[in-house]
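Can you keep this structure in mind? I'll have questions shortly.
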Amino acid sequence: MSELIGSTISQIRSLISGKQVSAKEVTKTYLEHVKRNDKETNALICLTEELALQQADTIDKKIAAGEDLPLAGVPVVVKDNMCVPGYPTTAGSKILSNFIPPYQGTAPTKVFDSGAICIGKGNQDEFAMGSSNENSGFGVVRNPWNLKKVPGGSSGGPAVAVAAGFSVVGLGSDTGGSIRLPASFCGIVGMKPTYGLVSRFGLVAYASSLDQIGPFGLCVEDVALTLSTLVGKDPRDSTSIEDPFGKFNTKNFPKLDLKFAQDLSKKEQSLKGIRIGVLKELVGDGLESEVKAATENSIKTFRDLGATVEEVSVELIDIALPVYYIIATAEASANLARFDGVRYGVRDMDAKDIVSMFTASRKAGFGDEVKRRIMLGTYALSTGYYDAYYKKAQQVRRLLKEAFDRAFEKFDVLVSPTSPTVAFDLGEKTDDPLTMYLSDIATIPVNLAGLPGISVPCGYGREGLPIGLQLVGQQLSDAHLLTVAHAFEKANSFTSRRSPLLETACVR
Ligand code: GLN
């Protein structure tokens with residue numbers, strides 16, 4: 001059965017619908033692989049074995065009854081900031097180590113209803129704050145390409161799960177790059193959809209105006225298929241978009257639905273007539289030479305596919321990082337105020353009064369990075385500083401969105417490296433938060449403007465580590481972006497390379 005490990009959705013689907021294998025067998029094989037190999041990577045905070053086996057039984061019954069589900073028997077790892085009842089939802093924080101939600105998030109519900117099997121909850125940086133997955137309260141996550149390297153954060157767990165073959169797809173969240181960066185470092189595909197396309201109900205909030213749930217997969221098609229099951233208005237998230245591809249879709253972008261995703265591989269691979277803009281500010285200094293070379297190669301690939309490629313400057317992109325760290329920390333300081341030892345999670349039992357109970361619970365429960373962000377955000381929101389920092393940052397955010405709009409008058413898709421570097425050593429940047437923050441320089445502007453962005457493998461750099469290319473589209477052009485990413489993927493063979501950990505599991 002080990003030949004199942006490393007499969008894509010369509011491979012699992014054809015085996016299951018052809019009755020060559022049952023959902024139960026797939027599930028057991030993946031659970032076994034995790035148990036044997038996750039000690040090295042620490043990708044999962046908890047294995048949801050009982051749930052997985054139950055779901056597999058249900059799927060097998062449905063298949064026997066002739067039901068056709070798009071993700072039937074497809075193993076998924078869900079980032080631990082999304083609620084799945086019966087198991088802890090920690091968001092990577094000690095303060096939530098005993099929190100078992102009584103309800104389920106919309107995104108997990110949607111993939112489970114589509115037939116996916118929950119293998120486990122993915123490790124992550126605490127409250128999704130980080131770029132390397134070294135801020136987790138449950139230990140660092142290691143990169144399956146090289147166990148001395150970080151997997152990227154904050155959704156390192158689900159990214160590693162896919163790259164190591166612990167699941168076929170993963171669900172992550174991306175506030176400033178947390179899906180695209182780990183996808184890039186782990187040599188897989190990861191997408192942050194247009195803000196509002198996927199409901200955030202049941203997602204532990206970090207910075208609500210930036211947070212977005214999205215999928216990981218071994219290939220663009222798997223990301224498209226998973227995303228097609230996730231989209232749609234949810235009455236429990238007021239920012240989710242009503243009829244996203246109807247009245248709001250003024251530009252008539254293709255609708256991102258199951259049919260689109262299932263037809264993706266049949267699409268013509270030519271990019272004739274597509275105008276690609278290379279984000280000038282993100283391809284200059286500060287890139288590792290291999291990343292620069294891989295980006296140049298990608299540009300050549302786009303040209304070979306018939307697209308036109310030119311450099312484009314998006315004003316203010318170079319100051320997106322400070323703007324993000326004001327807005328994200330301000331929202332985080334408000335969102336994290338609810339963790340006080342009263343309603344959720346761990347409570348300090350020795351405190352003499354309520355105020356010292358709040359303080360002691362938060363002091364023990366939060367890690368250093370979270371405390372740093374709460375302090376920064378509280379400062380930015382305090383009287384006298386609100387106008388100078390928070391309001392100013394929101395104004396710049398608006399101008400940045402307008403600069404992107406102008407770029408999209410001339411270009412269909414914008415590209416840049418996902419990260420200036422390949423995966424770095426564990427511990428290399430932990431003492432220098434500002435250098436760490438720079439890992440997200442290319443991904444953060446996309447969240448500030450609410451745009452869809454995808455990272456696709458585009459080469460290999462230092463020590464054979466994967467490099468990712470970021471493709472960015474206009475709001476609600478998610479399906480179009482996936483079409484371009486898919487054509488790019490098919491024009492090279494980078495996505496077919498597997499991490500050493502996955503490779504060994506396959507030959508066993
Ligand atoms: N690394 C960025 C941060 O720490 C982005 C994290 C994310 O996207 N959740 O805030």
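Give the number of residues within the stretch 430-465 that are of a type outside the set (D, E, K, R), away from the ligand (no atom under 11 Å from the Cβ), farther than 30 Å from PHE408 by Cα and open to solvent by 10 Å² or more (accessible area, probe 1.4 Å).
Counting residues in the stretch 430-465 that are of a type outside the set (D, E, K, R), away from the ligand (no atom under 11 Å from the Cβ), farther than 30 Å from PHE408 by Cα and open to solvent by 10 Å² or more (accessible area, probe 1.4 Å) gives 5.
Here's a follow-up. Looking only at the stretch 431-454, which residues are assigned to a loop (DSSP other than H, G, I, E, B) and modelled with pLDDT under 95?
ASP431, ASP432
Now, a different point. List every residue pair whose Cβ atoms lie under 8 Å apart, where the two residues are 6 or more positions apart in sequence or sit on different chains, the first residue falls within the stretch 341-365 and is farther than 17 Å from GLY92 by Cβ, and the second residue, located anywhere, is among the acidic types (Asp, Glu) and open to solvent by 100 Å² or more (accessible area, probe 1.4 Å).
Taking only residues 6 or more apart or on different chains, the pairs are ALA360/ASP350.
Answer with yes or no whether LYS363 is closer than 17 Å to GLY137 by Cβ, open to solvent by 60 Å² or more (accessible area, probe 1.4 Å) and assigned to a helix (DSSP H, G or I).
When the stated conditions are applied, LYS363 passes them.
Still on this structure: Go through the stretch 264-310 and give me each residue that's under 15 Å from HIS486 (Cβ atoms), within 24 Å of the chain's Cα centre (by Cα) and open to solvent by 30 Å² or more (accessible area, probe 1.4 Å).
SER265
Mind counting the residues in the stretch 311-335 that are farther than 17 Å from SER382 by Cα, in a helix (DSSP H, G or I) and open to solvent by less than 20 Å² (accessible area, probe 1.4 Å)?
Looking only at that region, the number is 3.
Moving to a separate point now. Restricting to the stretch 81-137, count the residues that are within 15 Å of ASP174 (Cβ to Cβ), in a loop (DSSP other than H, G, I, E, B) and in contact with a strand residue (DSSP E or B) (Cβ under 7 Å, 6 or more places away or on another chain).
Looking only at that region, the number is 2.
For (1) touching a strand residue (DSSP E or B) at 6+ places or on another chain (Cβ under 7 Å); (2) of a type in the set (Gly, Ala, Ser); (3) touching a residue at least 12 places away in the same chain (Cβ under 8 Å), each residue gets a yes or a no:
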position	(1), (2), (3)
SER240	yes, yes, yes
GLY277	yes, yes, yes
LYS280	yes, no, yes
ASN297	yes, no, yes
SER313	no, yes, yes
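Looking at the stretch 231-243, is at least one residue part of a helix (DSSP H, G or I) and either open to solvent by 40 Å² or more (accessible area, probe 1.4 Å) or under 26 Å from PHE408 (Cα atoms) (or both)?
No, the stretch 231-243 has no match at all.
For the stretch 408-421, give me the residue count where each residue is crowded, with 21+ Cβ neighbours inside 10 Å and touching a strand residue (DSSP E or B) at 6+ places or on another chain (Cβ under 6 Å).
The qualifying residues number 6.
I'm trying to understand the selection: among the residues of the stretch 231-248, which are over 21 Å from the mean Cα position of the chain (by Cα) and at pLDDT 95 or above?
Hits for the stretch 231-248 are PRO235, ARG236, SER238.
The values are calculated or read from the model by the stated rules, or taken from the named source; none is laboratory data. Note that the coordinates shown come from a computational prediction; the quantities given were computed from them, not determined experimentally. Cβ sites come from the backbone with ideal geometry, for glycine too, and all protein chains shown count toward neighbours. Note: accessible area is taken over every heavy atom of the protein model, side chains too, but ligands, DNA and RNA are not part of it. Shrake-Rupley method; radii C 1.70, N 1.55, O 1.52, S 1.80 Å.
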